[in-house]
Amino acid sequence: MEYLEAYADHHRLQVRFDTSLERVDHGGDRAWRLETTTGPLLADYAVVATGYDAVPTLPEVAGRDAYTGELIHAVEFRDPEPYRGRQVLIVGAGNTGVDIAGHLIAAGAQVSISMRTPPNIFPRDWLGLPLQASAIVTDRLPAKIGDVGGFLLQRRIFGDLSAYGIPRAPEGFQTKFRRSLVGAAVDDGFVDALKAGRTRVVAPVERFDGSEVVLVDDTRLRPDAIICATGYRRGLEPIVGHLGVLRRDGIPVHYGGAPEHPAAPRLYFSGFWGSNAGQIRQMPIHARRIARAAARDRRRSASRR
């Protein structure tokens, strides 16, 4: 906290707490008018950085509202210790589900993962080296080449996981990301536990029935807790949807920081794109683009005065 306060003081940032952005509109003499829960703000430049994973989504499953057991979204998961010795069902075998499963297993929980689509899985490190560097390289290759290399690497590291309930993913990891922006799962102990019989993969959830979960293969489970690792929405539509700057999937058309959308000059977006090499790597790149674009605009404006 001291670092954050010093950072804001050093850069002369006016931080407003307990304030939510509700809508961005054209602001007349100033470029933008930002409607917030604590009143309007006028700004020459506006940067929306509310995050790619902004609005958690729960699965629309019959009987969910009447389910009598403990059910949370992954965004609410904080500490694996309260789940020690308990039976936990994780819905979703993507990156978040696999990551949470690893933490829960290490804490002593009895974990099952409900999987609808087999994921691409890579370890965080291999042979003592992080795999992020190889992901950066494959990001620059055609998707098909990255897919083949990724599949061969997965088989080399994990072998064939079909016998453990995870068949080959229907799409390669690069094709999957470029089509739907869904990254590969990063394993940190889950696969070893699966092979050792300390966790299991079960069928997709079909419905809830009182305190029970009914799977598509008619199996009935009664877990102590359910954690839904079922993704997020961007949540930008109420804020900027009326400006014509979003794609159908809710991602900004100009997601790379700068240049901005022609219909919305001086309105920028940061943190709405990533890669299999990690979104955190992209954020400073986009932030620097925005800073350079705003600086150029200020110089042009000053020269016209």
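We did not get these values from a lab; they are worked out from the coordinates using the rules stated. Keep in mind that this is a model prediction, so the values were computed, not measured. Glycine gets a Cβ as well: all are built from the backbone with ideal geometry, and neighbour counts include every protein chain shown.
The table below lists the values:
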quantity: Beta bridges per DSSP with both ends in region 55-232, % antiparallel, nearest 5; calculated: 30
quantity: Quotient of C-alpha Rg and 2.2 N^0.38 Å, computed over region 1-88; calculated: 1.68
quantity: Helix 95-107 vs. the chain, principal-axis angle (Cα, 0 to 90°, nearest 10); calculated: 50
quantity: Counted charge near ASP139, where neighbours are those whose Cβ lies closer than 12 Å (Asp, Glu -1; Lys, Arg +1); calculated: +3
quantity: Net +/- balance of residues flanking GLN174 in space, Cβ distance below 14 Å, scoring K and R +1, D and E -1; calculated: +2
quantity: Binned Cα-Cα distance frequencies in region 85-183 - 5 Å width, integer %; calculated: 2, 12, 20, 24, 20, 13, 6, 2, 1, 0
quantity: Taking the chain and dividing mean pair separation by its residue count, relative contact order in percent (alpha carbons under 8 Å, at least six apart); calculated: 24
quantity: Potential lengthening between ARG281 and SER301 on full extension [0.36 nm per residue; Cα-Cα distance subtracted]; calculated: 4.0 nm
quantity: Ascending count of other beta-carbon atoms within 10 Å, so fewest first, for VAL245, VAL201; calculated: VAL201, VAL245
quantity: Highest-MSF residue in the chain out of ARG33, ARG156, ARG234 [GNM, Cα springs under 10 Å]; calculated: ARG156
quantity: Calculated P(r) tail over 36 Å for the chain, as whole % of Cα pairs; calculated: 31
quantity: For ASP99, net neighbour charge (Lys/Arg +1, Asp/Glu -1) across residues whose Cβ lies under 11 Å away; calculated: -1
quantity: Relative contact order (%) - criterion: Cα under 8 Å, at least six apart; region: region 177-237; calculated: 14
quantity: Convex hull (Cα only) mean projected area of region 154-263, reported in nm² to one decimal; calculated: 10.9
quantity: Taking N as its residue count, the alpha carbon Rg of region 55-232 over 2.2 N^0.38 Å; calculated: 1.05
quantity: Between helix 143-158 and the chain: long-axis angle, C-alpha atoms, 0 to 90°, nearest 10; calculated: 40
quantity: Förster radius 51 Å - calculated FRET efficiency between ASP224 and HIS11 (Cβ-Cβ, nearest 0.05); calculated: 0.65
